[in-house]
Structures are given as structure tokens and as C-alpha cells.
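Inspection log for the structure reproduced underneath, given as C-alpha cells.
What follows is calculated from the coordinates using simple rules that are stated; it is not laboratory data. Nothing here was measured: the structure is a model prediction, and the numbers come from that model. For neighbour counting, all protein chains shown are included, and Cβ atoms are generated from backbone atoms with ideal geometry for every residue, glycine included.
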Amino acid sequence: MIVRRLVRLLDSRLRLSAPVRRAMAKVFPDHWTFMFGEIALYSFVALVLTGTFLALFFEPSTTDRVYHGSYQPLHGKTISAAYASTVELSFDVRAGLLVRQAHHWAALVFIGAILLHLARIFFTGAFRKPREINWLVGVTMLTLALLNGFTGYSMPDDLLSGTGLRIAYSVVESIPLLGGWLAFLLFGGEFPADQTVPRMFFAHVFLVPAALAGLITLHMLILVRQKHSQFPAPGRNEHNVVGSRLWPSYTLRTLALFAAVLAVTFALGGLFQINPVWIYGPYDPARATSPAQPDWYVAWEEGALRLFPAADFRIFGYLVPSPFFPGVVLGALTFLALYAWPFLEARVTGERTAHQLLDRPRDHPARLGVGVAALLFYSVLVGAAADDVFARLLRVPVTSLVWTFRFLALGLPLAGGMLAYYLARALRAGSAPEFAELTRADLHRGAKDDRVPGDGDGPPAARIEVWQEFGLVWRWRYVEPTGGAKDLELTSNIDYPSEQEAAKAARAAYPGVPIGPGRPPPGLELPAAPATRRLGGPLARVFRLAAWLVVLRAVRRSRSR
Amino acid sequence: MNGHRRRHIRRAELAAAGAFLLAALGAVGFAVGYAFGAQTQLEGVALAVACAGSAAGLGIGARRLGPAGGHVEEHGGFASPELAAEALADRVTEPGRGWRRGVLVRLLGLAVGSIGLALLFPLRSLIAPRLPGPTHTLRHTPWRSGGLRLVDTTGRPVRADEVTGNDIVVVYPEGHVGAGDAPAFVVRLDPSRFSARPPAAGVGGIVAYSLLCTHAGCAVGLYEQGTGQMFCPCHQSVFDLLAGARPVAGPASRPLPGLPITVDSSGFLRATGDFSSPPGPGYWSRP
């Protein structure tokens, strides 16, 4: 009853019924890989929630003060306010350690989910026209996420992150012509400058999150405008979206996912120690920890710095230090390639039509090969960032490991990319439904790109049925015989005030499929889920009928205008 | 069939109800744990149970109690009809008569561009205005004033006879402990093993070098006595102190700068000037 009054109250001011009904009927494709982006979104929410709590206790300043908190080994020591407040919020603020660790874990999940999402979009060709804009927005969000991860973990002014910051400073400094000035402008002077931590704090808690929030909004607005892409399957084509509706299916599912992301975040934050800055000690330019590894998402840069040989040179007497290449050039090329990929691919393939159906990764062997090679390359770099740990574990000199990683960094992507390319061609050419069923003949066919022709049945004997419910509204369904006991049936996501409008929508979704009259689903006197019907009882039926009358009246009124 | 379905729904309802109850219990557990100052692990688990219970309840509700799949929505196409797009383009390109000649548009561009450029100037404020720029600052360190005593990280002056060959002593200029570009180390070596002269004057076998790696500026903290080599823990550069701190492995390409030192009349080590070259990583205008 309250819901009903609230709806009427809002609608009489905002005229919401029609757009909200349409939004609630929005169809989402049912595929688990479509959840990565949502996981990223919800870890962003978790980051904002936990981060707000942390910001109330963190002091973004490198001013020295004497520590008097409950962590005994630091008692009475003079340390920076940033470091002291981090240790205090870990040990002296109730639930502080939980929130801090949950925040850090959420950041790792955030970036991991973004990368999985990126991989899904890449390998299925979802970035193709018309979704290039959202690809650009997404890559920008990835750079911002990496930036915010790095500033967040550098702010506590501990020895490990201070060393990482020192390296980042050196990388900026290595840029020809502008490096020194850029480093000074960004960090506020020669390293370590007092300005650095306050600047990182402001960027970390305001500038970057605000930009991310804006871009997330843009990302989702574009997504809603363009609707979801979908994998090819019976009943799906370039003119429709098949799946479950926003209300109630996806509302419940997405809330479940949100709660699950929070559960994982807090379980990790409570049970698994992360970034114990009190063990590393405060930053001191004369000390360094060994072994020293950064968070995994910046490890590719760290690995590249370790693998790239000493190759300083001079131009007209000016120095180009070797960290410039692994530190700046590699990063710039990486993001340039990401930004440019949709346009490069369109240029190479000459494919410029808009797509609603996704590729399977095998459909595009060259793209798969490039993607696999890139993933392997960056994975080797991440591995190389821990070469000192491997050297210790394997008891081999680190220099020979560096050479191993250098060969791997060049060889493994090449080999893996080629392998992926040929396997994709074999899968595409042959009739094997999956990787494990590939035969030797498929491999041969793949090498020659001699594709087995399709089944050649022509268009399926599908039909559209339109019917009226309760003498009020019209719906349609797509029916396609599957050869099995049950036909494939897809029901229109929304109802229509007239038969003509229902037929028009059906024709838009399935051009060329014959339309005929149909019968309402058996036993469907009232369109409700069995569970809610059971819970509701006769009273609910009365209310529902009343609701239909209201809808009908609204429709009639709007038509008479 | 119907009875079976009813039982199925009943079970799902019970499972969802149980999950929501568990979630409420978890939340209460967290609140109680917080009030009594429970351990981080307990708090985390309680909160995780609360969230996981909600997730399970909602998930069961979505998967087993509601409709799923089987719906289709038409896609109206990505582009407007061509005529509509043309009409919009026409509308956008007709701002008014005076604009059409292009002069005004160009002048507006000039105005906006100049404002943009002018607004770049305050960026200089990001570096404290009275400080000199990077070219000067990066080249010089506090050692430059000359005659400063070498002090250890606690600020205690270092005597020449305290420096052994067993390990390095990390030093700062007196009065500048913690200065980012100044950390150095002293160690005693056997001059007969030198294959190259140190870049700066030592005292007997005592040599002093910058502690900052010439690759990316980490503290080159690990000394191996037998080989007289220094290791950087960040990117595994190795510097040979017997050969003027030349880099012998890893990504560093320049030797560690030397610090000229002497012994004063009371036996303390003093620097006679700045490092033999700018310490730390390379940069464009590095001499």
C-alpha cells in the first residue's frame, strides 16, 4: 500500500510511470562474463565506503611527530604524521585495521575486475562500432584506477612504498627535456618533498574518485543508450537483446553480487594481512627493504625496469637515462595501443558496420593471438618483478634469472600468440565444438584456413505470435523449433497498448519472421511469478487487477490527448 | 508436477529466509564484536557473514523464486535515420549570419586559446616559488658547503678509526640527517686491490660514495665484503667498489658518485666538497 502511494506521489510530480516501466523491463543478456564490470563497480563502491572512514583518521602530512600509540616497537620514535596516523588508525582506531585492509583488498579486486572486463570486451570484439566510445572511457578508467591504486599505497610514507615512490620519481625524471621540471611540478620539489603526500592525498580522495564517478556514469549511460551486446545463439540477432529483465531478475542478481563483493572484501580484510606498514618501518632515503615488490598491478612496470638493460645515451650532450624506456615508453605504448585498438582493427579488417552480436574468441584468430601475446608479455613482466624472490627460492644467481626472463618476455608472447592463432583457426575451420575435441584434421584445416561450410539449413522455421492478455494489453513471443521436445520461446520484455505496436516491435526485433496470432501462456491469468502469487493470495490479485486498470486508464488518457 | 514445484519453491523460500537470518546474525555479531573491541579477524568474518548471507538470500530469490531468461527486447538500431542526422548537422552549422565568415570563430578560438595558455602559468606555483629549478637543485647536495662532518643516521659524528672493512657505515652531512639527495656510505678497503682509482679523495683505505643507485634512486644497501661489491635491492644493480664503484651488473649504467673526505684534527671524517657528480638517477641536463 505504501509503495503504491509512493509511486502515485512521485508520478504526479515527475510523470515517471512510462520511463520507469520501460527501464524495469530492460533486458540483460544472461552470461557470467557480463558480471566483471559489475564487480568492478561494486568494488569501487566498497572503496568509497571504506575510504571515507579512513580519510577521517589519516593525516596527509610528512611533518615529524613523536608516536605514542599502542604499537610498542615504534613508541617514542619521531616519525612522519602520515606514517604515524596510518599505524594509529590500524591499532588504536576500533575496526580501523579491518577497514584499512578491506580498502586495500578492494583496490586489488577493483583493478583485477577491470582487467577481466577489459579482456572479455577485447576477446569478444565488444569494442567494435558502435561501442568505441565506451572502450575509450573504460581504458581511461583503467589508467585512473592504476593511478589511484599507486597513490593510495604510497601515502602512508612507509619504507616499502617510499622506495616505490622514489622509483616513480626517477622514472618521471628520466623524461627527455621535461623530466626534471615535471618531477618537480608533480612531487613539489626534489625527492622527498613535503608537498608529495598532501598532493597524493587530494588526488586520491577527491580528484581521481570524482573523475572515476563521472566516467562510470558516462559508461553506464552509453551502455543503456546502446543496449547490451550479446553472444550469438538461436533467437539472437543484430536487432534484439535476449536475456532476463532488470526487474525483478537482475535487480536481485545485481544486489546479490554487490553483497557478495562486500562479503569477499571484508573476509579478505579481516583474515588476510595486507601492507603491514608497521613492519616495513618509516621511509628513510638511506634504507631499502629486500625483497621489495609493489602491488601486482604496477609490477609490470617494475619487472620492465629490472629487465631493461643499462642503455643510457646522450643526444647533443644531454642524457636519456635507461629507465625512460621501460618506465615511460612502455607505459605510454601500452595505453596508446589500448586506446587505438578499435580503430586499428577497423582499419586493418575494413570492418566498419555496427555490431550487436559478439564474436567468440575463435572467430577472430589474429585478435586472439595479439591478445594472448599481450597477456603473456605482461605476465612475464609481473613475474620478473619478483626475480629476487625466485632467485632466493631456486638458489640461482639473479643475473641468470634476468636473462631467463628477458628471453621469456620476448619468446613466450610470440610462441603463445602463434599457438592461440593456429588453434583458433583450427576451431573456426573445423567442426569441433570445443578445444578438447580438436582433431588432427581440424588442425590441418586451420593451417590452410579451409573452413567447413555451415549446416546450410537456411533461416530457421521461426514464427512470431501476438496475443492479448486480460483483454487489456498485447504481448508477442518468438518461437523457434529446436528439434527437441520444447521449442525455444522468447517473450517480449514489455506489453503494448495495441496489437499494431506489439507487431511493430516484433518486426523490429525479428525482421522477416512471419507474425500470427497466438494464445496467452496456459494458466497465465495474472502475470506474476509463482512465488509472489503464492505469498500474495486473493487480496494481492485484487490489487494487481487494480494496478492493471490504472495502467489501462493512463494509456487511454495519453492516447486521447 | 505441481506439488513437486510447490515443494521446490518452499525449499527455496526456506533457504533464502535462513540466509537473511544468518545475515542479520552476522550484523549483530559485528556490532557486538565492535562494542567489546573484538579482534580484526572476528569483525571481518562477522561482517563478511552479514554480506554473504544477504548475497545468498538475494541470489536464491533471483535464481529460484523469480523468472529468469526467456525475454527479448527489440533493438531500435544505433543510428538515427539519415535525414534526422542531416537535419541536426544543418541546425548545428547555422549559428547566425556574422559567424559564417569564419573570422569571428577564429578570433573566439584565439581568445579561448590565450586564456587556456595563460592559465597554464600558475602551474609554476606547484614548485615553491623561491626555490631554484630542478637543474640547480638536482646537481647540488648539502655536502656542497664543504667541511661538514660525516654523521651516522642518528646524527653522531663518525671517526675514521671506527670505519672497518666488515660493513658500510651509512652517513649524512652533519645537520642534514634524512636529506633525500645526501645519503652516502663509508667503508674501508685495501687500496692494493683497487683496479681503478676512486673518483673522489679517500683517507687511507676509507672511501665514501653516494648511497643512491644511479638507476632509479633506491638506497644501494647491501655490501658484500669479499668482492667489495654493493647490491641494490630494488633492481639488482651491482657496483664494484674496487673499480671506482663502476656498475658491473643490472640496469644501472653510471658509477656511484664519490664523496671527497678527509680526517680532521680530532679524528672525525669530514667532506671537503660535493659528490663527484650529481647523485641518484639520470636526468636530461645531467652533466
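What shape does the stretch A:163-298 have by the C-alpha gyration tensor, where a ≥ b ≥ c are the square roots of the eigenvalues, rounded means a/c under 1.5, and otherwise prolate means a/b greater than b/c and oblate the rest? Prolate, since a/c reaches 1.5 and a/b exceeds b/c. Relative to the longest principal axis of chain B, what angle (0 to 90°, nearest 10) does the C-alpha long axis of helix B:103-120 take? Once rounded, the angle reads 50 degrees. For the peptide A:320-327, the mean number of other protein chain Cβ atoms found within 10 angstrom of a residue's Cβ is 5.
Per residue, the average separation of C-alpha pairs within less than 8 Å and at least 6 apart gives chain A a relative contact order of 15 percent. The Cα atoms of chain B give a gyration tensor whose axes a ≥ b ≥ c have a/c of 1.5 or more with a/b no greater than b/c, which makes the shape oblate.
Would you please classify the overall shape of the stretch B:139-271 from the alpha carbon gyration tensor, given that a ≥ b ≥ c denote the square roots of the eigenvalues, rounded means a/c under 1.5, and beyond that prolate means a/b larger than b/c while oblate covers the rest? Judged from the Cα gyration tensor, the stretch B:139-271 comes out oblate (a/c at least 1.5, b/c at or above a/b). How high is the relative contact order of the stretch B:2-64, in percent, with contacts defined as C-alpha pairs under 8 Å that are six or more residues apart? With pairs under 8 Å counted, the relative contact order is 46 percent. Proximity of backbone amide H atoms, modeled 1.01 Å from N, is registered between A:LEU488 and A:GLU480, A:THR482 at under 5 Å, excluding neighbours fewer than 5 places apart on the same chain. Other residues with beta-carbon under 11 Å from the beta-carbon of B:PHE268 carry, at +1 per Lys or Arg and -1 per Asp or Glu, a net charge of 0. For the stretch B:228-236, putting each phi into the Karplus relation 6.51 cos²θ - 1.76 cosθ + 1.60 with θ = phi - 60° gives couplings of x, 10, 10, 10, 9, x, 6, 10, 6 Hz, in residue order, rounded to whole numbers and with x for Gly and Pro. Farthest towards the positive end of the charge dipole of chain B, among the residues B:HIS4, B:ILE115, B:THR154, is the Cα of B:HIS4, using unit charges on the Cβ of Lys, Arg, Asp and Glu. Computed about the Cα centre, the dipole magnitude for the protein assembly as shown is approximately 3400 debye when only Lys and Arg (+1) and Asp and Glu (-1) carry charge, each at its Cβ.
Amide H contacts of B:LEU150 (H built 1.01 Å from N, in plane; Pro and chain starts excluded): B:VAL158, B:LEU269, B:ARG270, B:ALA271 sit under 5 Å, all sequence-distant by 5 or more or on other chains.
Distances between every pair of Cα atoms in the stretch B:2-64, grouped in 5 Å steps from 0 to the bin holding the largest one, split as 4, 21, 21, 17, 12, 10, 7, 4, 3, 1, 0 percent.
Taking the DSSP beta bridges in the stretch A:400-526 as the whole, what percent of them are antiparallel, to the nearest 5? Expressed as a percentage, antiparallel bridges in the stretch A:400-526 total about 80. Taken over chain A, the convex hull of the Cα atoms encloses 231 Å³ per residue. Here's the list of aspartates and glutamates a cross-link from A:LYS504 could span, going by alpha-carbon distance under 14 Å and ignoring same-chain residues fewer than 8 apart: A:GLU465, A:ASP495, B:GLU73, B:GLU74.
For the stretch A:362-448, the convex hull drawn through the C-alpha positions has a volume of 107 cubic angstrom per residue.
Calculated mean residue ellipticity at 222 nm for chain A: -18500 deg cm²/dmol, from DSSP H runs with n ≥ 4 weighted as -39500 (n - 2.57), summed, divided by the residue count and rounded to 500. The H on the amide N of B:ARG246, modeled in the peptide plane, is under 5 Å from the matching H of B:ASP240, each at least 5 residues off or on a different chain.
Using θ = phi - 60° in the Karplus curve 6.51 cos²θ - 1.76 cosθ + 1.60, the 3J(HN,Hα) couplings for the stretch A:6-15 round to 4, 4, 5, 4, 6, 5, 6, 10, 10, 6 Hz; x is entered for Gly and Pro.
Rounded to whole numbers, the Karplus 3J(HN,Hα) couplings from phi for the stretch B:62-79 are 6, 7, 10, 10, x, x, 9, x, x, 10, 9, 10, 6, 10, x, x, 8, 10 Hz, using 6.51 cos²θ - 1.76 cosθ + 1.60 with θ = phi - 60°, and x at Gly and Pro. Please find the FRET efficiency linking B:LEU88 to A:HIS31, where r is the Cβ-Cβ separation and R0 is fixed at 30 Å, and quote it to the nearest 0.05. Computed FRET efficiency for B:LEU88 and A:HIS31 comes out at 0.30. Which net charge results when you count Lys and Arg as +1 and Asp and Glu as -1 among the other residues whose beta-carbon is under 14 Å from that of A:ALA81? Here the count lands on -4.
Evaluated with a Cβ-only charge set (Lys, Arg +1; Asp, Glu -1), the stretch A:362-448 carries a dipole of roughly 240 debye about its Cα centre, given to the nearest 20.
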